[in-house]
Amino acid sequence: MPKILCIETASTNCSVAVSVDGKVLSVKEDYNLNYSHAERLHLFIEEVLVDNNIKLEDLDAIAVSKGPGSYTGLRIGVSAAKGLCFSHDIPLISVPTLTALGYQVDVKAMVIPMLDARRMEVYAGVFDAERNQVQETAAIILQEDSFKEFLDQEPVYFIGSGVEKFSEICTHPHAYFVKDKLPSAREMGPLATKKFKISDFEDVAYFEPFYLKDFIAG
């Protein structure tokens, strides 16, 4: 029964969870619109472990949200995860941010998780009703007819920080918008456990987040 610490910092939500054999025992997160990762991440890690009487050396793996998302947020989360893995000789597992976000939709239907980028741009991926990815993650400039090829076929649920601006321009009757949702470590446990059971680990020394686009300051 693998014990896995899950770290999610790809958006403004600083989120940490601990799971045992895919079952999430507890979650600590700062679910607001301001970045607090530098201040809260290590505190949350300590709290979830203490609350469940688990020591760092008891962990079988550490899972981190790999992106896409906030450049700074991803750097903080991945740096913390790599540091803990290296210092305690623990395997590192990466979980695609949009894959985990899609599991927040508890409906058997197509899901398109999207994270706000700049202006009318989002980072989005397309997942079928079984949560298999059917269109690769990409940076997309939103237009009124975006994702029409999927919407014309069946109902589609949109979730994530990019939903607000897409809901203002998309009027397709098959579009359903799940608002005020951000990536959370809560959904990472089962996904990380599947990877653990097939030894799908990252190289701690060389792993880098999936930024999708180069960092732009300002």
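If you go through segment 139-154 and keep only what is surrounded by 13 or more Cβ atoms within 10 Å (Cβ to Cβ) and part of a strand (DSSP E or B), you end up with 139, 140. Based on this model, can you work out whether residue 44 counts as out of contact with any strand residue (DSSP E or B) (no Cβ under 6 Å at 6 or more places or on another chain) and not β-branched (Val, Ile, Thr)? The answer is no for residue 44. Residues in segment 160-198 that are free of Cβ contacts under 8 Å to residues at least 24 places away in the same chain, out of contact with any helix residue (DSSP H, G or I) (no Cβ under 8 Å at 6 or more places or on another chain) and assigned to a loop (DSSP other than H, G, I, E, B): 4 in all.
Residues are listed down the side, and each one gets a yes or a no for (1) buried (at least 20 other Cβ atoms within 10 Å of the Cβ); (2) among the β-branched types (Val, Ile, Thr); (3) under 23 Å from residue 11 (Cβ atoms):
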{"residue": "173", "(1), (2), (3)": "no, no, no"}
{"residue": "188", "(1), (2), (3)": "yes, no, yes"}
{"residue": "193", "(1), (2), (3)": "yes, yes, yes"}
{"residue": "211", "(1), (2), (3)": "no, no, yes"}
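If the condition is being touching a residue at least 60 places away in the same chain (Cβ under 8 Å) and at positive phi, then segment 22-57 contributes only 22. Taking each residue of segment 78-103 that is touching a residue at least 12 places away in the same chain (Cβ under 8 Å) and looking for partners that are surrounded by fewer than 20 Cβ atoms within 10 Å (Cβ to Cβ) and hydroxyl-bearing (Ser, Thr, Tyr) with beta-carbon atoms closer than 9 Å, six or more apart or interchain, yields 91/199. Consider segment 1-42 and keep the residues that are closer than 15 Å to residue 161 by Cα and among the β-branched types (Val, Ile, Thr). The one that is surrounded by the fewest Cβ atoms within 10 Å (Cβ to Cβ) is 12. Of the helices (runs of 4 or more DSSP H) lying entirely inside segment 1-110, those containing at least 3 residues that are of a type outside the set (Gly, Ala, Ser) and within 25 Å of residue 213 (Cβ to Cβ) span 71-88, 97-102.
Okay, residues lined up against (1) at pLDDT below 95; (2) within 25 Å of residue 48 (Cβ to Cβ); (3) buried (at least 17 other Cβ atoms within 10 Å of the Cβ):
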residue	(1), (2), (3)
185	no, yes, yes
200	no, yes, no
204	no, yes, yes
216	yes, no, no
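Residues are listed down the side, and each one gets a yes or a no for (1) over 16 Å from residue 63 (Cα atoms); (2) among the small types (Gly, Ala, Ser):
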residue: 7; (1), (2): no, no
residue: 12; (1), (2): yes, no
residue: 16; (1), (2): no, no
residue: 26; (1), (2): no, yes
residue: 29; (1), (2): no, no
residue: 47; (1), (2): yes, no
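Does residue 157 meet the test of being over 17 Å from residue 11 (Cα atoms) and either without any contact (Cβ under 8 Å) to a residue 60 or more places away in the chain or in a loop (DSSP other than H, G, I, E, B) (or both)? Yes, satisfied.
The values are calculated or read from the model by the stated rules, or taken from the named source; none is laboratory data. Nothing here was measured: the structure is a model prediction, and the numbers come from that model. Ideal geometry is used to build each Cβ from the backbone, glycine not excepted, and the neighbour counts take in all protein chains shown.
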